[in-house]
Every structure is written in C-alpha cells, then in structure tokens.
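Contents: one structure, followed by commentary.
The values are calculated or read from the model by the stated rules, or taken from the named source; none is laboratory data. On a predicted model such as this, the values are computed, not experimentally measured, just so you know. Positions of Cβ are generated from backbone atoms using ideal geometry, with glycine treated the same way; all protein chains shown enter the neighbour counts.
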Amino acid sequence: MSNDKQGILVIASRLLGYPSNLFMEEMKELISLAEEAFESDEVKKEFNEVYSSFKDKEIKEIQEMYVATFDLKAKTGMYLTAHELGDSNKRGAALIKLQKIINQAGFERVDEELVDYIPMLLEFLSIAPEIKEKERLEYRMAIALERIRKNLEEETPYAKIIRILMNRVFPNPSREEIEQLENNREEADLEELPYPIMYQ
C-alpha cells in the first residue's frame, strides 16, 4: 500500500469518527500533515476542500450534523456488519470473526466501539500486514462505503471524505454487488428508531 493510501485511511478514520470538542484543532493538524506527507497535489487539494467545508461551522453544529448524518440513518451508519446483515442474528458471529482477524494480525481493540466500527477499521487497514483477510476486508469495506456514499447528501463534508476513499483507496464495487448487499440484509422491525438503539 502506498504512503498516500495509508495517509488517506488514517485521516479519513479520524474525520469519520464522532467529532470531539477539539475536532477543528485536530483537523488543522491532520491537514498540515497531509500537506507534508502526500505526494499527490490532487489529494492535498481534496482534503483542503474537506477542511473548507468544516471551518466556518461551530463544533456543536458539526456534532449535530454528524449525528444526523450517521447515527440516525441505518443506510449511512458507521458499522460494517450492520450494512452487510442488517438486524440479522448472524451479526454477532460476524463481529467475533472480525475480532479474530484483527487479533491474528497482531492488534488489539482498545476502543469502546464495536469491532466493526468503520473509522476503526480504516485505521486498521492502514497498518495491517498484507494478508488474505485484509484483502477480503477491503472488499467488504468498499461495498459498505459505496452504499453509504449513495445515501449521503452529495455536498456534505462527509460525502467528500467518502468520495476520496472510494476514488483513491478502495476498488469500485459494481451495481450488482451493491444490490446483493441490499438483498442479503435483514431489516429491523424498528426502522424509525435512532440507529444506535437498534444495535445496542
């Protein structure tokens, strides 16, 4: 994996997590690192556009936008197996398998989030060894991220971040692969409830 791809994964993992009160200060540091680390001027430009989309907003507004974008809508949620399996009871086994992949690669999860939390998996992919399971995880992430991208409002800062990932890091899944993902999911009975409640 190239240095640019690794850097994109790390920065995207930070920007797609819930924004802390220090989000803008952290983002300035990330953009500064990107200016120094990335070889591609196009990638630098794209991340600067993301920064410009955030910089005039108050942190409370950013936090509310994050919750409205990812936490209240199942189709744009930040959990991989929820995209793959929906409300299926198979999701527990999928989480265990994913944890095993991470452990076998020599890493331990220290976050309180579920093991399929997409920002955490982005960071894992940036540092994981080149093993068969990593390639398969990249493929799974590509399909889930494309599903998220299709359901985001086009001009949100978060849509720009997902586009960078899909254009620069992940393979582009076919329409048939996206349709297969939708067909394999089991819908929750309580679709109207906020997304985190369905999966606690």
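Details
- If only residues of the stretch 51-62 that are in contact with a helix residue (DSSP H, G or I) (Cβ under 8 Å, 6 or more places away or on another chain) and not small (Gly, Ala, Ser) are counted, the one that is surrounded by the fewest Cβ atoms within 10 Å (Cβ to Cβ) is Lys55.
- Here is the figure for the stretch 73-101: residues that are of a type in the set (A, V, I, L, M, F, W, C) and either without any contact (Cβ under 8 Å) to a residue 40 or more places away in the chain or out of contact with any helix residue (DSSP H, G or I) (no Cβ under 6 Å at 6 or more places or on another chain) (or both) total 7.
- Given (1) at pLDDT 90 or above; (2) surrounded by 14 or more Cβ atoms within 10 Å (Cβ to Cβ); (3) part of a helix (DSSP H, G or I), number of the condition Gly92 does not satisfy: (2)
- Residues that are part of a helix (DSSP H, G or I), at pLDDT 90 or above, farther than 20 Å from Phe70 by Cβ and not aromatic (Phe, Trp, Tyr) do occur in the stretch 118-132.
- Residue that is surrounded by the fewest Cβ atoms within 10 Å (Cβ to Cβ), among those in the stretch 167-181 that are in contact (Cβ under 8 Å) with a residue 60 or more places away in the chain and of a type outside the set (D, E, K, R): Leu181
- Lys57 at pLDDT 90 or above and outside any helix (DSSP H, G or I): yes
- With respect to being crowded, with 18+ Cβ neighbours inside 10 Å and in contact with an Asp or Glu (Cβ under 6 Å, 6 or more places away or on another chain), Ile164 fits the description.
- Within the stretch 21-50, the residues that satisfy the criterion of being exposed (fewer than 12 other Cβ atoms within 10 Å of the Cβ) and either on the phi > 0 side of the Ramachandran plot or in a loop (DSSP other than H, G, I, E, B) (or both) are Asn21, Leu22, Glu39.
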